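Data first, discussion second: the structure below is written as structure tokens.
The values are calculated or read from the model by the stated rules, or taken from the named source; none is laboratory data. Worth saying up front: this structure is predicted, and the values here are computed from it rather than measured. Virtual Cβ from ideal backbone geometry, glycine too; neighbours counted across all protein chains shown. Only protein heavy atoms, including side chains, enter the accessible area calculation; ligands, DNA and RNA are left aside. Shrake-Rupley method; radii C 1.70, N 1.55, O 1.52, S 1.80 Å.
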Amino acid sequence: MSDKTITSEKELLAALSKPDSDAAIVRKERLRQKGFKMVMAVGGAALGLTMVAIPFCLPAARRICVPYVPATPVQINNIIQCLKTHSKPQGKIIDLGSGDGRVCFACAKEGYKATGVELNSVLWLWSTFLKYTRGFRSNTTFKRRNLFKENLGDYDAVTVFGAPTLMQALEPKVAKECTEATKLVVCRYPFLKWSPNYTYGNGIDCVWVYHKPFIANQTLPAMYLDLVEFADHPLHPSNQPELDKSKHLKDVTDSIEKSEDAIQQNVQRDLNSPFEHKNERAQMR
Ligand SMILES: C[S@@+](CC[C@H](N)C(=O)[O-])C[C@H]1O[C@@H](n2cnc3c(N)ncnc32)[C@H](O)[C@@H]1O
């Protein structure tokens, strides 16, 4: 086809009816292939992004909604301090909803055997990739499964960074499966119906330790009081007019003091004689 400008309908029809030269056919074919490749690349990227995004959006559609929020270094440090103080040295730990595996890796560095269960397939794949690339092959295991299908009684300690509805749903499972030796180290949202045996840290970095026999709460922990889904909970103050609030406050203060003392002693002991402390742990095994 010539490069002459087409000015009328007649000229256009004439140009279209003329057969293409070989060069024009090649040029057109190249253009078609380029267009196809671009459509495939954009479509592939969009599909890939959607596939990665779906597992992160799905929690919003679940009854028990627990989005992925990674633990901060301070939270992880608090979890580790609690485990070192209250749980069996080098024991078996399970992180419920293990995300990218950061809690499991931190536990593995301290000598624990850590298992992570995670529903999100992208996070599970990523944690498995990190396990092999960062040298945690022998002391971490990651399972892509629903945490409610895992028997908690098989572990010395259970760590969980959950959400309000998850903590409530976990209570019957924990009560049934955990033994007196199982330590529960809970981050960000505490259990609703139990008081922690120990508390460590403050605000969003707070970590609570629970074990059997559980201490019954007299009222819901403060952070649940403003959540509408817990307004009907039997421990909500509006449903129990005769609550002895001053006793409850004293119990909570006592448990915080006890916990801080224990952790302080542990840190001091580590600083003073790390070698002795290691020996003591080895004997406990
Ligand atoms: C708040 S994140 C905590 C992640 C990780 N433990 C950390 O501290 O970095 C909660 C995780 O639980 C996962 N999750 C939610 N429901 C679950 C279920 N039923 N079974 C297994 N994992 C679940 C989410 O996909 C998310 O990765």
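Computed values, structure above
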read-out	value
Failed item, numbered, when residue 201 is tested on (1) away from the ligand (no atom under 16 Å from the Cβ); (2) at pLDDT below 95; (3) in contact with a helix residue (DSSP H, G or I) (Cβ under 7 Å, 6 or more places away or on another chain)	(1)
Residue count for the range 102-126, restricted to those that are among the basic types (Lys, Arg) and either within 13 Å of the chain's Cα centre (by Cα) or near the ligand (Cβ under 9 Å from one of its atoms) (or both)	1
Criterion (touching a helix residue (DSSP H, G or I) at 6+ places or on another chain (Cβ under 6 Å), outside the structural domain of residue 178 (by TED's automatic domain parsing) and buried (at least 16 other Cβ atoms within 10 Å of the Cβ)) met by exactly one of 55, 67	55
Residue count, the range 67-101 (criterion: out of contact with any Leu (no Cβ under 9 Å at 6 or more places or on another chain), more than 20 Å from residue 164 (Cβ to Cβ) and within 11 Å of the ligand (Cβ to nearest atom))	2
Options 90, 75, 81; residue that is among the polar types (S, T, N, Q), open to solvent by 80 Å² or more (accessible area, probe 1.4 Å) and not in a strand (DSSP E or B)	90
Any chance residue 224 is within 15 Å of residue 85 (Cα to Cα) and either in contact (Cβ under 8 Å) with a residue 60 or more places away in the chain or open to solvent by 50 Å² or more (accessible area, probe 1.4 Å) (or both)	no
Lone unmet requirement of (1) open to solvent by less than 40 Å² (accessible area, probe 1.4 Å); (2) of a type outside the set (Gly, Ala, Ser); (3) closer than 23 Å to residue 120 by Cα for residue 183	(3)
Leading residue by the ranking (farthest from the chain's Cα centre (by Cα)) among those in the range 127-170 that are more than 14 Å from the ligand (Cβ to nearest atom) and crowded, with 22+ Cβ neighbours inside 10 Å	155
